1. I need every pair where a residue in the range 179-203 that is over 15 Å from ILE130 (Cβ atoms) has its Cβ under 8 Å from the Cβ of a residue that is in a loop (DSSP other than H, G, I, E, B) and among the hydrophobic types (A, V, I, L, M, F, W, C), sequence separation at least 6 or different chains.
2. On the basis of being exposed (fewer than 13 other Cβ atoms within 10 Å of the Cβ), assigned to a helix (DSSP H, G or I) and not β-branched (Val, Ile, Thr), does GLY84 make the cut?
3. Let me spell it out: the conditions are (1) touching a Ser or Thr at 6+ places or on another chain (Cβ under 9 Å); (2) over 14 Å from ILE6 (Cβ atoms); (3) without any contact (Cβ under 8 Å) to a residue 40 or more places away in the chain, and GLU106 meets all of them except one. Which number is the exception?
4. In the range 48-57, what residues are open to solvent by 60 Å² or more (accessible area, probe 1.4 Å) and out of contact with any helix residue (DSSP H, G or I) (no Cβ under 8 Å at 6 or more places or on another chain)?
5. Quick check on ALA135: is it open to solvent by less than 70 Å² (accessible area, probe 1.4 Å) and either modelled with pLDDT of 95 or more or in contact with a Cys (Cβ under 6 Å, 6 or more places away or on another chain) (or both)?
6. May I ask you to list the residues in the range 58-81 that are touching a residue at least 40 places away in the same chain (Cβ under 8 Å) and surrounded by fewer than 22 Cβ atoms within 10 Å (Cβ to Cβ)?
7. List every residue pair whose Cβ atoms sit under 7 Å apart, with the two residues 6 or more apart in sequence or on different chains, where the first one lies in the range 118-129 and is among the acidic types (Asp, Glu) and the second, anywhere, is in a helix (DSSP H, G or I).
8. Filter the range 1-55 for residues that are outside any helix (DSSP H, G or I) and among the charged types (D, E, K, R); which is modelled with the highest pLDDT?
Amino acid sequence: MSTIAIIGTGLMSKALGAGWTRAGHTVRIGARTAEHATAEVLGFEPGFVGSPAEAVAPADVVVLAIPFPAVAPLVNELGDALGGKTIIDISNPFDHLAHNERAAAEYTADALGTTKGLVAAFKDNFAATINAPGAADGERPDVKLAGDDPEAKAVVAALARDLDHRVIDCGALHNARFIDGMVSLMLILDRTYCDFTMKTGWRFFGIPAGVEGLR
């Protein structure tokens, strides 16, 4: 089992934290304000609540579940504390990178000074779908991964499967720019066709059984 530090207390933090806690992982929450990270607010009992630096220190995995503009400053603030850890960037750039010339995760890599350990994942998964039923029926959205570090991708893939999601390896970290674009389109379609229920998502059909996963 992993020790996972989730930075942030938004909807995705709550969904991922609840799912991984249920799967037996230890979830530590890094938050600027403690009252936003109580068990009552989060919907699960975290193993620890404190500052981002305190949450990260003993963790194996760090999830950057904060808005894109805050990611690079936080990475710079944490500095060497992130060394040797698997880092999951779930942030989405939206209008901050209007032309999708680079992936949001590539800017995170710039702040880290390396792509080692960094994986873009859960970027196009609505929080409402993370722990939703339907895994056995193939109705849940895929979790797409992009990264340059095979070992880090294997760690993240295992964590996604612990939430009963199928994993799709999208290749190198720079391919996350395509996933970034999928998120914006997903939001448009969800508003247009589903009254913005945020229970939709992307699933890639036609993959033969047993060959999905890391390539």
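The values are calculated or read from the model by the stated rules, or taken from the named source; none is laboratory data. It should be emphasised that the depicted structure is a prediction, and the values quoted were computed from it without experimental measurement. Cβ atoms come from the backbone with ideal geometry, glycine included; neighbour counts cover every protein chain shown. The protein model used for the area step is the full one, side chains on, heavy atoms only, and it has no ligands, DNA or RNA in it. Shrake-Rupley method; radii C 1.70, N 1.55, O 1.52, S 1.80 Å.
1. ILE179/ALA103; ILE179/CYS170; ASP180/ALA103; MET182/TRP202; ASP190/PHE126; ASP190/PHE196; ASP190/MET198
2. no
3. For GLU106, the exception is condition (3).
4. Matches in the range 48-57: GLU54 only.
5. It is false that ALA135 is open to solvent by less than 70 Å² (accessible area, probe 1.4 Å) and either modelled with pLDDT of 95 or more or in contact with a Cys (Cβ under 6 Å, 6 or more places away or on another chain) (or both).
6. PRO58, ASP60, LEU74
7. Matching pairs, first to second residue: ASP124/ILE179; ASP124/MET182; ASP124/VAL183; ASP124/MET186.
8. Taking the range 1-55 and keeping what is outside any helix (DSSP H, G or I), we get 1-10, 23-33, 38, 43-51.
Still in the running and among the charged types (D, E, K, R): 28, 32, 45.
Working: ARG28: 98, ARG32: 87, GLU45: 94.
Among those that are outside any helix (DSSP H, G or I) and among the charged types (D, E, K, R), it is ARG28.
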